[in-house]
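Below: the structure, in structure tokens.
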Amino acid sequence: MTLQPRRAGPPPAPHPRSRTRTGALPEPLLGLLGLVLLAGVLEVLPRTGVVSADYLPPFSEIADALVGVAGEESFWQALLDTAEGWGYGLAIAVGVGTGLGLLIGSVEVLRRATASTIEFLRPIPSVALVPLAVLVYGTGLESTLLLVVYAAVWPVLLQMLAGVRDVDPVARDTAASYRFTRWARLRHVTWPTALPYLMTGVRLSASVALILAISSQLIIGSPGIGKEIALAQSSNAVEEMYALVIVTGALGVCVNVAARALERRVLAWHTSVRTEAVT
Amino acid sequence: MTSTDVKSAVRADSGLLDVRGVQKTYYGSGRTVEAVRDLTFSVGTGELACIVGPSGAGKTTLLKCIAGLLPPTGGEVRLGGARVQGPPPGMAVVFQEYGRSLFPWMTVADNIALPLKQKRTPKPRRAALVAEALESVGLRDVPHAYPWQLSGGMQQRVAIARAIAYEPDVLLMDEPFAAVDAQTRAELEDLTRSLWRNLGMTVLFVTHDIDEAVYLGQRVLVLSGSPTVVMEDVAVDLPAEREQLSTRALPRFAELRAHVYEQVQRAKTFHTAPAAGASA
Ligand SMILES: Nc1ncnc2c1ncn2[C@@H]1O[C@H](COP(=O)(O)OP(=O)(O)OP(=O)(O)O)[C@@H](O)[C@H]1O
Ligand SMILES: [Mg+2]
């Protein structure tokens, strides 16, 4: 008997984005068009006097300032500092959240004992910890890290807790009946089940971490883009301030794109399970 | 293996698998279900017994108790003389929900190899066992596919391949052929019998299909409807050499099938213990 798998080879690429008739334009081009339109509006509003150019300079001037800023070494240093605060903070948050999530999630007693504590701690806005951070760490990178880690750990932890609980009872029985060791169960059953949840957590945390990194620089004045924005504002360099705001927006987009790419890579089998499973 | 089946009911040895007064009640929130009331039987070493019974009779529950996955509320299960308190070594289970028992994040070959790795089977031997098992269920070409890329029947065969690659002493199968076509089913039935005869393992086989139970088994245990007891233990005195067409054409096969059929019909309304003695 020769049987072919319904589909051999690696899991399929996700379905192409709905390329329905939104005009003859493909989606990326359409998105670009939207951005150009926004730039146009930002150009016209101050020029026609609808908004005072003191508060919102025309887009062309912001773009000029952006080019100017990009030529300064201090800008790149600030960008690096921000990336550092974000990256280290996120890494710590993911590590701690994943570890705690696995531990708490697999031990029923721990899960029940910590549930209310988590519900209490989670809603505390990270910025409420600014005074504490300054008191303990001053205005350096550590302060940023404290705030970033505190905010970014929750999505990872909560997703991980949900993921660990989602292990299929039949898969669990299978592992038990073949006498998998504790480690093998964690490695081959619990971990792969929780991975999609973890990836969602990481994606959420990545955005939160960026927000917190920049906020803390703005408020505390630890080095980074946030601090540069505050400086630009206080020295009345409005164009420059907007230029830096645009940079933060671009950072956000990069973070999101990177997180989604990672998710797709890691979960190749999973997205396909969702769309292709025969049950 | 002798050429005629041993009448296991009168077999002298203590029996490898001993189910003694097993009772199982599920305590849910507000709902308690007595799935199994009182089951006592034994299956000798190297014996192939089939279990039939109405849906919801507690066959899966019984299998889970035997597999050490569920603690019985009352009674005990003994395997080779020792009380079962957790999944015992040398036992493989083919679950009714075969699809969910395969790990979707692993290829078919990895799914089959992982239990062997847990058993510390050396790598070359592992590869050979995986290939052999896939070959015997007719899935030679799919080791690198993922389970979700296969049809339901193919997934079921992968689950069976995983169990036989494990080379168990005791094999528990919970309606393992439910999702395959008639032709494949016949092949798998013959495969089960030949594996059983070659490897000398003890097989407990749950099925809804009365023909299948009679064709496969040396014994057929008929369970009553819930609350469940063993209603009858039918010895299948057909020749050990079985063949799909000729065996099923035997007058004795028809008699046994009719007998088990009546019992199963009775099982649906059965609630008190003793039934007529086993068929002669
Ligand atoms: N986890 C559980 N919690 C509560 N009740 C359960 C549970 N599992 C099974 N039951 C109940 O126990 C009874 C027996 O179920 P079981 O799955 O053992 O039946 P079965 O004989 O395998 O049926 P089928 O032939 O349909 O597979 C049913 O009434 C079912 O509702
Ligand atoms: Mg069942």
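Only the coordinates and a few stated rules stand behind these numbers; no lab work does. If you're wondering where the values come from, they're calculated on a predicted model, not measured in any experiment. Heads up, the Cβs are rebuilt from the backbone with ideal geometry, glycines too, and the neighbour counts pull from every protein chain shown.
Annotations for the structure displayed:
- Partner shielding of B:58-68 amounts to 1, given as the average count of beta-carbon atoms from other chains within 10 Å of each residue beta-carbon.
- Over chain B, relative contact order from alpha-carbon pairs under 8 Å, at least 6 apart, %: 26 percent
- For region B:100-215, the alpha carbon positions stretch 39, 31, 21 Å along the principal axes, listed from largest to smallest.
- Relative exposure of B:E167, B:E34, B:E175, judged by other C-beta atoms within 10 Å (fewest first): B:E34, B:E167, B:E175
- Principal-axis tilt of helix A:225-234 within chain A, Cα atoms, nearest 10 degrees: 20 degrees
- Sites B:R197 and B:R78 - FRET efficiency at Förster radius 25 Å, r taken between beta-carbons, to 0.05: 0.50
- This model, with +1 at the C-beta of Lys and Arg and -1 at the C-beta of Asp and Glu, gives region B:98-167 a dipole about its Cα centre of some 300 debye.
- Extents of region A:57-278, taken as max minus min of Cα coordinates on every principal axis and listed largest first, are 69, 43, 24 Å.
- Test item: B:115-122 mean partner chain Cβ contacts at 10 Å: 3
- Each residue, B:E34 and A:W76, gets one label point 7 Å from its Cα in the Cβ direction; the gap between the two is 8.1 nm.
- Inter-chain neighbour count for B:136-146: the average number of beta-carbon atoms from partner chains within 10 Å of each residue's beta-carbon is 4.
- Counting only alpha carbon atoms, the long axis of helix B:123-136 and the longest principal axis of chain B meet at about 60°.
- Taking region A:57-278 and dividing mean pair separation by its residue count, relative contact order in percent (alpha carbons under 8 Å, at least six apart): 28 percent
- Charge context of B:P176, other residues only, Cβ under 12 angstrom, K/R +1, D/E -1: -3
- For the pair region A:62-141 / region B:186-243, the C-alpha centres are spaced 62 Å from each other.
- Helical content of chain B, expressed as a calculated mean residue ellipticity at 222 nm, amounts to -10500 deg cm²/dmol (DSSP H runs of 4 or more residues, -39,500 (n - 2.57) each, divided by residue number, nearest 500).
- With respect to chain B, whose longest principal axis is taken over its alpha-carbon atoms, helix B:251-267 is tilted by about 70°.
- Dividing the mean sequence gap of close Cα pairs (under 8 Å, 6+ apart) by how many residues region A:92-169 holds gives a relative contact order of 55 percent.
- For chain B, the spread of Cα positions along each principal axis, largest first, Å: 51, 51, 35
- Positive-end ranking of A:G226, A:G101, A:A243 along the dipole of region A:57-278, with charges on Cβ about the Cα centre, is headed by A:G101.
- For the pair A:A250 and A:E142, the difference between a 0.36 nm per residue extended length and the Cα-Cα distance amounts to 36.4 nm.
- Per residue, the convex hull spanned by the Cα atoms of the protein assembly as shown amounts to 221 cubic angstrom.
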